[in-house]
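Scroll down for the structure; my scribbles are underneath it.
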Amino acid sequence: MNKLKIFALTLAFSGFMASCKEQLDVQNPNQPSSPALKTETGLISFGEGFYITGFKDVKYYDGTPGYFWSGAIGNHELMGDVIGTDIANVFINQIGAPNQVTLDDGTILLNPNSPNKQIDFLRITANVNSTGFQNSTYYEWAYMYNLNNAANTLLANIDATTFSGEADTKKGALKAWAYWWKGYAYSRIGSMYYAGIINDKANGEVLNGTNGNYVTKEAIITEANKNLDEAYKILGGLTASGDYTATMQGLIPSFNRVGKGNVPTPAMWQRNINTLKARNILVNTPVSAMTAAQWASILTLTNTGILAADNVFTGRSNATSDFLSPTAGTVSGKTTGSNNTYKISERLIQEFKTGDLRFSNNFKQRASAYIGETSRGNAFFTRFDLVNRGAAGSEGSASVISYSNTNAGGYELYLASSYEENQLMKAEALINTGKIEDGLALVDEVRKAQGAGLAAVAGTSLTLDAAKEELRRERRIGLLFRALSFYDARRLGLLENGRKGAVALSRTGVVSKNATITYGYLDYWDVPDNEIAYNPPATGSAATKNPK
């Protein structure tokens, strides 16, 4: 991590500690030898602060896209074509503008930005250190290395601290917490950037925690799994004792310990790890390149992955927006209604089958199509809005999943993996290894769990291609707003090959039902120039620029 991000941490924590100390009593990670980090309560408080270090505060910030879960993840959902925007802040409209859209009548809507390709735009205009906060590629990198550095700081202090009660249990829970979030951070870096840095040093130890040894994205994913395995091993020696539970309650803010976000037992946590490791395989391998061994690994991991009753890692808003703002802290919140930052994509709406209650429970057709500022994109036009199911009189059906609730604490944000993701990964592995009916049964299971009200597809003698299409559509719907849409577009080849049979609107609102969208997005982003400028690659480093 470079000095730029060290400064970012200083700013982040000084501001946050002044405003939200009662909710998340965090300590400054720039001082790994601070007396506060030599006490049991201080370390637990510091660990709780990961929610801010990793997801809320970095050097730069733009209030329109927002923090990590609305801004950095917004980039994923834009490129995954579940949302669109004509908002220009941090170039988000250009991040989500395809190279071209070909309508049914042959009309071609080019990306109106200059240059007309996202890849060129990123390299010429956006990913340049001098753009500062406007560099969209900076944010996920900065947040995740903040998180990694905080985890390093925690690990550097645990063994030197005296604990009361079941000391080994408390130490184990804290170490598992640190390794889990390190594995999580590296998973996100390796799944988004062409290269990364492996750093296990807390600030202030060696070169301020900085090194210029960039490694490949594959090596970063290996490092992610290494840290997840370390957490798994530690958890194997723990039980859900009173001191374990109390420590975890100290680490997870009370407003997040609701619904599926309650404290996971060590066994539940291990299953969370298995599901995340399965994701690391799936999302970083093109479907066409998946091997029998990889499908087998995914089956092994998902067979021991998250169960329906398991607690997982979630986030909630509260009235004071300590972690998430009720209306602006998530992509979901920023897509709700007719005048928000993001708009629902027509390509998402077309995934829903007739009679899917998840559609009727969450979306409504506008009185007139949203066309917006046509000079800022070519694919964000839409006829649909996302409904706030937290509004009085708009609660919808309690038996059907809700994609938006802008009341404080109303929306359950999945920070990592979920039961639905686990089952759909397992389904995909089964379908692709000759067990089509078994895989389709899991698709039906997820739809039933979310209250879709659809007829079963298992037992209907679908072909392999038809089964794959059911799975593709279900991942788009069942895992909506869980930061997986871009990964899926990438591994399915849509970034290079485009999407045919797409629903799209012209700039006057005319509907095409068989449009072709040529995305042309960069599959793995170059290392942000904000990093390179302050931390140039050392001799022998891996390439930091994607050759595409």
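The values are calculated or read from the model by the stated rules, or taken from the named source; none is laboratory data. The model shown is predicted, which means the values in this text are computed figures rather than measured ones. Don't worry about glycine lacking a Cβ; one is built from the backbone with ideal geometry, like all the others, and counts go over all protein chains shown.
Hey, can you tell me all the residues within region 252-262 that are touching a Phe, Trp or Tyr at 6+ places or on another chain (Cβ under 9 Å) and surrounded by fewer than 20 Cβ atoms within 10 Å (Cβ to Cβ)?
Lys260
Do we have any residue at all in region 494-503 that's buried (at least 20 other Cβ atoms within 10 Å of the Cβ), touching a Ser or Thr at 6+ places or on another chain (Cβ under 9 Å) and assigned to a helix (DSSP H, G or I)?
no
Could you list, in sequence order, all residues of region 280-300 that are touching a helix residue (DSSP H, G or I) at 6+ places or on another chain (Cβ under 7 Å) and either in contact (Cβ under 8 Å) with a residue 24 or more places away in the chain or crowded, with 21+ Cβ neighbours inside 10 Å (or both)?
Asn280, Leu282, Val283, Asn284, Thr285, Pro286, Val287, Trp295, Ile298, Leu299, listed by residue number.
Name the residue that is surrounded by the fewest Cβ atoms within 10 Å (Cβ to Cβ), counting only residues in region 116-132 that are touching a helix residue (DSSP H, G or I) at 6+ places or on another chain (Cβ under 6 Å) and outside any helix (DSSP H, G or I).
Val128
State whether the residues of region 183-193 include one that is in a strand (DSSP E or B) and in contact with a Lys or Arg (Cβ under 9 Å, 6 or more places away or on another chain).
yes
Looking at region 137-158, can you tell me whether even one residue there is surrounded by 24 or more Cβ atoms within 10 Å (Cβ to Cβ), modelled with pLDDT of 95 or more, of a type in the set (A, V, I, L, M, F, W, C) and over 23 Å from the mean Cα position of the chain (by Cα)?
yes
The conditions are (1) of a type in the set (Val, Ile, Thr); (2) more than 25 Å from Ala328 (Cβ to Cβ); (3) out of contact with any helix residue (DSSP H, G or I) (no Cβ under 6 Å at 6 or more places or on another chain); (4) in contact (Cβ under 8 Å) with a residue 12 or more places away in the chain, and Thr161 fails exactly one of them. Which is it?
Failing condition for Thr161: (3).
Within region 85-108, which residues are in contact with a strand residue (DSSP E or B) (Cβ under 8 Å, 6 or more places away or on another chain), buried (at least 24 other Cβ atoms within 10 Å of the Cβ) and either aliphatic (A, V, I, L, M) or farther than 17 Å from Leu522 by Cα (or both)?
Thr85, Val101
In region 58-87, what count of residues is obtained for those that are over 13 Å from Phe133 (Cβ atoms) and in a loop (DSSP other than H, G, I, E, B)?
Selection size over region 58-87: 6.
Please enumerate the residues belonging to region 458-505 that are of a type in the set (Gly, Ala, Ser), touching a residue at least 24 places away in the same chain (Cβ under 8 Å) and at negative phi.
Ala467, Gly478, Ser485, Ala489, Ala502, Ala504
Give me the helices (runs of 4 or more DSSP H) completely within region 228-314, filtered to those with at least 3 residues that are in contact with a Ser or Thr (Cβ under 8 Å, 6 or more places away or on another chain) and farther than 18 Å from Leu430 by Cβ, ordered by residue number.
242-251, 266-282
When the residues of region 328-379 are narrowed to those that are without any contact (Cβ under 8 Å) to a residue 24 or more places away in the chain and part of a loop (DSSP other than H, G, I, E, B), which ends up nearest to Ile401 (Cα to Cα)?
Looking at the filtered set, the residue picked out is Thr354.
Scan region 156-172 for residues that are part of a helix (DSSP H, G or I) and touching an Asp or Glu at 6+ places or on another chain (Cβ under 8 Å) and jot them down.
If the condition is that a residue be part of a helix (DSSP H, G or I) and touching an Asp or Glu at 6+ places or on another chain (Cβ under 8 Å), then Ala156, Thr169, Lys170, Lys171 are the ones that fit.
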